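The values are calculated or read from the model by the stated rules, or taken from the named source; none is laboratory data. Small disclaimer: the values here were computed from a predicted structure and weren't measured. All Cβ positions, glycine included, derive from the backbone under ideal geometry; neighbour counts span all protein chains shown. Protein only, heavy atoms only, side chains kept; ligands, DNA and RNA dropped before computing areas. Shrake-Rupley method; radii C 1.70, N 1.55, O 1.52, S 1.80 Å.
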Amino acid sequence: MHESHDDGGRAALTSFEPGAGRLAPRSVAASDARVLDLDGSWSFRLAGGLRDVTQGIAEPSFDDSAWDRVSVPGCWQLQGLRDAGGELLPRGQARYGVPAYTNVIYPFPIDPPAVPDENPTGEYRRWFELEDLGSSSWTLRFEGVDSHATVWLNGVQLGWSTGSRLATEFDATPALREGRNLLAVRVSQWSASSYLEDQDMWWVSGIFRSVRLLERPAGGIGDHHVMADFDHTTGEGVLRVVTDVPATVDVPELGVEGLPAGEELRIAGASPWTAETPRLYDVVIRSEGETLSVRVGFRTVRVVDGVITVNGAPIRFRGVNRHEWHPDTGRTLSEDVLRADVLLMKRHNVNAVRTSHYPPDARFLDLCDELGLWVIDECDLETHGFELVGWQGNPSADPRWRTAYLDRMERTVERDKNHPSVIIWSLGNESGVGDNLRAMAEWVHDRDPSRLVHYEGDFDSSYVDVYSRMYPDHAETELIGQGADARTNDATADAHRRGLPMLLCEYAHAMGNGPGGLTEYEALFDRYERLHGGFVWEWIDHGIRQVDREGREFFAYGGDFGEPVHDGNFIADGLLFPDRTPSPGLLEYAAVIAPVRVGFVDGAGGLTVRIENRHDVIDTAGLRFLWTVELDGRAEESGELDVPVVAARDVSEALLPSPAIPPPGSRRVVTVRVVIAQPTPALPEGHEIAVGQHVVTGPPVPARVGAARPQRDEDGWRIDRATFDHSGDLTALGSLVLQGPRLDVWRAPTDNDRGWLGHDRAWQELGLDRLLHRVDEVDVVGDELVVSSTTLAAGTDAGFRTTTSWRSTGDALALRLRVVPIGQWSMRGPRNPDGSASRRPVYVPRIGLWFGLPAGVASVDWLGLGPGESYRDSRDGVRVGAWRASVTELQTPYLKPQENGLRSEVWSAAVRWDDGTTLRLAHDTPFGFAVRPWSSTALAAAAHPTDLQPGATTHLTLDFAHHGLGSNSCGPDATPAHRLHAHELEREIRIAVDGEGR
Ligand code: IPT
């Protein structure tokens, strides 16, 4: 089939069919047959589209010596961001086009099945040697090519394929020769199939997963299907292996030998597989021509009375949505990165993963089997962009796409059917409604009744086995838990849905600073058995490593490559930063979902420590409970608790002596750390899985009387070592020169503040980012210097009257702040039904004080929550202690800079300069602080952390109240309890300076 003119496969590019010339999908396993690894260096040329394709690339005689060399697997856009030596190129010099990010919107016109003429097309060639073909057949296997691939071997076209994140096999036998062989692959970025691949991620292309040539010996095993149930009533494993040729099955560890394929065997003494006990058995499947080695886990998934059970026990998902991403290699991941992901999940108490929104690299599922994670394996399907045209022409409801939909589902299930970790199949994401989805579900139910079917996009849920939702707020989630949620139109479908177990396939949008409100969701999952928990959106920020003009690294997001249509930093919404550093959000999630919870009740008999085992399967025998008592961060006592073994989902208690009341202004803290005693492959000995703390607060520091009174002098006022100017500003405290204080009621909007509700726009409308401060009066009242002022923005009447009262306590300066809101803390809302204008409340970002301090802060020490940042609806991932950090360490480098770094529930802090000068802040009523080398205004204006330059002023914000974080970037606002309404507030803080030099 040598072609004369190559038109680039025009017809195939716009075909509704998923491919041609491909082999039926199947499972592959380690085999004794030969495997030729075709990964490595390939010749590469990027064509601009059909008009520009290379004639004769399939021919062995074609000379590609002028072409570039790239690695396969790889994503060509990311490869082109570096020079041939691997160094990042300056922006604008990309060699192979650029990555483009869109969430919902298609980056090409919606005119299916047509694709743009500008269709970046990667042309790949490689030679390989093969000796001794023997009498075997040979299969060429691609694990993933994005998006449309045409494949030739020695000039013979084997076929073409779509389905970027799905494996494809071709029969190479007829074209293969002994000796040198030429493989040529042409990959188009856009094809009809792109309409089915509108996932919220970077559009990147290429042969991005491995390529192999697999020997298929005569009498070899084409496909194998391992069905390994666990009968929890008898404790038996139930094994049946189906193969397409006669074969036998051995499980040496269980004494099974020569079990004929197709026959079922009940095996006494098999240990079950669960995500908590990932017990695998080595199984050998032998046919006349081939021997396969597979790893098998016994487990049974059932819905019982509307509850998902595995091996008879109900399970809870503490999950994440995982896209495959690496900041340098895009969707091409090494085995090390895959393992790092699973280990990071396990070490942060994550027990489940939804492979959003496509089947992952196959090795990822091997690791989930081995290390233990529940998996929702999602088909490579999303047509979200049709929502923007009212779902007109949505492929899900168009029969011409039926074959492609079924093809995608079959390839998902056939590749992954032997993984014990996979317990739910998902049809895809955000693809609207339509019969093609129903057809997929029906096919799965028929092919694999041992697992559940999931699809979130059809609220009727008539053809799925779980009711799934994304981003409902807490109130609605609670109604669903109670079965009191709104009814849908179709009574039969509604009844079906109400009987289903429920999960949140996406919740708690982890974009930027957040998510807040995790604790409250977890409480709902605890309360209602039908609620199986959820999957945080999402695992990792998809940032791309770049360098700015000064050569400083940063992580790019949408728009940074000049894409005409993009969704900005909506791609940076993960629990990990792109370099896989855990964000504060991940530490919070780890604490909220901890599989053991430690509580305290202080009573007459002592301090009762309540240990709740939240595992679904394992008891606490493998854990140790270590306790310490600290006074203001200094260890006083420590030991190990003797806790009776607690069964899964059970509670037990242990006793400690009641801690003594600490001295005034101090805290005595009992900490119980739950650590791993019996290491597992995922969790090393000593790894901490949970922490509980009990805090005893000392009496208030007694008020001192008779200290120095304010004195008037020619510069203004003086109290002890504190000087004030005529308008009542604090100008110096001892040797420390400072500015302020100013009422600080704004923050650099977080991504959640910039969410659907648009808090950032409301704050702008009220001018909180451009406040004007006016001093109304400075006076001495008793022993206090009292400064009255008003804070308002131009053109608005919403602000605060502030009274700042200063007095000496002898060893410190006490500041009492009183704020009273004035004006209308509301803004225009939608029109009321009667046409009148509505107004909605505007929440206050924070109520606090700003001080300007000299630059050069060496460190900050504090007693309170730490070591990381915390906010009122996200403070489980931190703990009470004594902490020290540099100014750099106090900043959290969100990809798009925003409010960050607050340390909250602090009762004492010391800001230290190199020369020993120390500013001390303390109070009985805890406060929060942030120390930054730049202002909130600069923080809000920056596009990337590299835009922020330290200035001559260190910015200290004392935080007395703030609006919670919520997850409104794609979910609810802070829960009602964590919203900050404009209200009266009175707070105190003591300030002192010691040390010399300034
Ligand atoms: C939801 C998508 O399923 C997910 O892919 C991602 O885009 C997420 O939003 C936001 O980051 S869909 C949304 C309209 C609820």
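Roughly how tilted is helix 335-347, in degrees to the nearest 10 and between 0 and 90, from the longest Cα axis of the chain?
For 335-347 against the chain, the angle is about 50 degrees.
Based on the Kirkwood radius over alpha-carbon pairs, what value in µm²/s does the Stokes-Einstein equation return for the translational diffusion coefficient of the range 419-471 at 4 °C and 1.567 mPa s?
After rounding, the answer is 115 µm²/s.
From the helices alone, meaning DSSP H stretches of at least four residues, give me the mean residue ellipticity at 222 nm for the chain, per-run term -39500 (n - 2.57), in deg cm²/dmol to the nearest 500. Could the numbers behind the result be given before it?
Numbers: 12 runs with 108 residues, N = 998.
Calculated at 222 nm, the ellipticity per residue is -3000 deg cm²/dmol.
Provide, for q = 0.10, 0.12, 0.15, 0.18 Å⁻¹, the log10 of I(q)/I(0) from a solvent-free Debye sum over equal Cα point scatterers in the range 848-959.
Per q value, in the given order, log10 I(q)/I(0) is -0.26, -0.38, -0.60, -0.88.
Using bins 5 angstrom wide from zero, how does P(r) for the range 193-251 break down, in % of all Cα pairs?
Spelled out per bin, shortest first, that is 4, 11, 13, 12, 10, 10, 13, 13, 12, 3, 0.
So what's the chain giving for Cα Rg divided by 2.2 N^0.38 Å, two decimals?
So the chain has a normalised radius of gyration of 1.04.
Under unit Cβ charges (Lys, Arg +1; Asp, Glu -1), what dipole magnitude, rounded to 20 debye, does the chain have relative to its Cα centre?
Numbers: 97 positive and 147 negative charges, 414 e Å.
My answer is approximately 1980 debye.
Can you work out the Karplus-derived ³J(HN,Hα) for every residue in the range 845-861? Use 6.51 cos²θ - 1.76 cosθ + 1.60 with θ = phi - 60°, whole Hz, and x for glycine or proline.
Residue by residue, the range 845-861 yields x, 6, 10, x, 10, 9, 10, x, 10, x, 5, x, 5, 7, 6, 10, 10 Hz.
Only sites in a loop by DSSP and with at most 14 other Cβ atoms within 10 Å count here; which GluC sites (Glu not before Pro) in the range 102-143 make the cut?
Glu118, Glu131
Could you tell me the distance between the Cα centroids of the range 723-746 and the range 503-573, to the nearest Å?
The distance from the Cα centre of the range 723-746 to that of the range 503-573 comes to 39 Å.
Where in the range 838-919 are there trypsin sites (Lys or Arg not before Pro) that are in a DSSP coil and have at most 16 other Cβ atoms within 10 angstrom of their Cβ?
Within the range 838-919, no trypsin sites (Lys or Arg not before Pro) qualify (loop, at most 16 other Cβ atoms within 10 Å).
Around Asp715, what is the net charge, scoring Lys/Arg as +1 and Asp/Glu as -1 over all other residues with Cβ under 13 Å from its Cβ? Don't skip to the answer; put the middle values down first.
Details: positive: Arg712, Arg718; negative: Asp713, Glu714, Asp725, Asp729.
That sum, taken over residues with Cβ under 13 Å, equals -2.
Name the GluC sites (Glu not before Pro) in the range 157-207 that are in a loop by DSSP and that have at most 16 other C-beta atoms within 10 Å, would you?
Listed in order of number, the matching sites are Glu178.
Could you check how much of the accessible area of the chain is carbon and sulfur, as a whole percent, using a 1.4 Å probe?
Reported share for carbon and sulfur atoms: 51 percent.
Any chance you could check the Cα centroid distance between the range 902-963 and the range 49-64 for me, in angstrom?
Cα centroid of the range 902-963 versus Cα centroid of the range 49-64: 61 Å apart.
Classify the range 634-717: rounded, prolate or oblate, from the alpha-carbon gyration tensor (a ≥ b ≥ c, eigenvalue square roots; a/c under 1.5 rounded; otherwise prolate if a/b is larger than b/c)?
Numbers: a/c = 4.47, a/b = 2.65, b/c = 1.69.
Taking the square roots of the gyration eigenvalues as a ≥ b ≥ c, the range 634-717 is prolate.
What Rg and what Dmax come out for the range 449-573 when only alpha-carbon atoms are used, in angstroms?
19.0, 63
I need the shape label for the range 158-228. Rule: rounded when a/c is under 1.5, else prolate if a/b > b/c, else oblate, with a, b, c from the alpha carbon gyration tensor.
Taking the square roots of the gyration eigenvalues as a ≥ b ≥ c, the range 158-228 is oblate.
Mind checking the per residue accessible area of the chain for me, 1.4 Å probe, whole number of Å²?
37
Tally Lys and Arg at +1 and Asp and Glu at -1 over the other residues with C-beta under 13 Å from the C-beta of Gly21: what net charge comes out?
Net charge around Gly21: -2.
If N is the number of residues in the range 224-347, what value comes out of its Cα radius of gyration divided by 2.2 N^0.38 Å?
The range 224-347 yields a ratio of 1.28.
With a ≥ b ≥ c the root eigenvalues of the C-alpha gyration tensor of the range 1-116, is it rounded (a/c under 1.5), prolate (a/b larger than b/c) or oblate?
Cα axes put the range 1-116 in the rounded bin.
Just to check I understand the Karplus step: with θ = phi - 60° and J = 6.51 cos²θ - 1.76 cosθ + 1.60, what whole-Hz values come out for the range 329-334, glycine and proline as x?
So the J values, rounded to whole Hz, are 10, x, 8, 9, 10, 7.
Amide H neighbours of His148 under 5 Å, at least 5 residues apart or on other chains, H built in the peptide plane: list them.
Result for His148 returns Ser188.
Residue-wise, which Karplus ³J(HN,Hα) couplings in Hz belong to the range 348-365, taking 6.51 cos²θ - 1.76 cosθ + 1.60, θ = phi - 60°, and x for glycine or proline?
Ordered by residue, 3J(HN,Hα) equals 10, 6, 6, 10, 8, 9, 9, 7, 6, 10, 5, x, x, 3, 4, 5, 4, 5 Hz.
Count the net charge of all other residues whose Cβ sits under 14 Å from the Cβ of Arg216, scoring Lys and Arg as +1 and Asp and Glu as -1.
It works out to a net charge of -4.
Sort out for me the Cα centre separation of the range 71-86 from the range 626-671, rounded to whole Å.
After rounding, the separation between the Cα centres reads 54 Å.
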